[in-house]
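Please treat every number below as a calculation from the coordinates, not as lab data. Given the structure is predicted, the values throughout are model-derived calculations rather than measurements. We place every Cβ from the backbone using ideal geometry, glycine too, and count neighbours over all the protein chains shown.
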Protein chains: 2
Amino acid sequence: MCEAAVYIDRGGELEKIMDDVVEVRPEEGKLLLVDVFGEQKLVSARIAEVELLDHRIVLREPE
Amino acid sequence: MCEAAVYIDRGGELEKIMDDVVEVRPEEGKLLLVDVFGEQKLVSARIAEVELLDHRIVLREPE
C-alpha cells in the first residue's frame, strides 16, 4: 500500500493532522483528505509538498 | 516502492510530464519534481491533487 501522513506547516512547525491518507483533492474550495478506511477530513489549505519516500504530504494554510 | 506519475491539468486535459516521481517540493517559486533515479524537472505549477491508490499527482498551472 502507498499511503502518507498529512502534516500542516504552521510557521515552520509541522503538525500531523491525518495518518494513512490515500487521496487529497480539492473540494468546495478546500482540501478533502481521505484515508485508507474512507475517513474524510476537509481542511482549508493547499498542498505544498509531497515526499513519497517518507510517506509525507505537507499542506500550508492559505496566505 | 511508492512512486507516482505526475500530470499537469491543461484545461481539464491531463498531460503526463514525469513518471516514477517520489518527491514534489517548492523550489525557486516553482515546483521541483524528482524521480526514483534522481532525475529532476522544474515546472511552474502548484500541486492540485494527490491520488496515491492511482499513483497519480496532478499539478495545475498558476492562474
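Relative to the other copies, what are the label-point distances for B:R25, with labels 7 Å from Cα along the C-beta vector, expressed in nm at one decimal and sorted shortest first?
2.8
Can you give me the relative contact order of the stretch B:5-57 as a percent, contacts being Cα pairs under 8 Å and 6 or more apart?
27 percent
Please give every one of the lysines within straight-line cross-link reach of A:K41, meaning a C-alpha to C-alpha distance under 19 Å, and leave out same-chain neighbours fewer than 8 residues apart.
A:K16, A:K30
Kindly give the semi-axes, whole Å and largest first, of the ellipsoid equivalent to chain B, taking each as the square root of 5 times a Cα gyration tensor eigenvalue. It would help to have the intermediate numbers written out before the result.
Details: eigenvalues 56, 44, 16 Å².
Over the Cα atoms of chain B, the semi-axes work out to 17, 15, 9 Å.
Say we join alpha carbon atoms closer than 10 Å with springs in a Gaussian network model of chain B; which of B:L53, B:L31, B:L14 then has the biggest fluctuation?
B:L53
Could you please report the charge total around A:P62, scoring K, R as +1 and D, E as -1 over all other residues with beta-carbon less than 10 angstrom from its beta-carbon?
+1
Can you pull the mean other chain C-beta count within 10 Å for peptide A:52-59? If you can, show how the numbers build up before the last one.
On the way: counts 15, 7, 3, 2, 1, 5, 3, 1.
The per-residue average across the peptide is 5.
Using DSSP to call loops (not H, G, I, E or B), can you name the GluC sites (Glu not before Pro) in the stretch A:22-61 whose Cβ has at most 13 other Cβ atoms within 10 angstrom?
A:E28, A:E39
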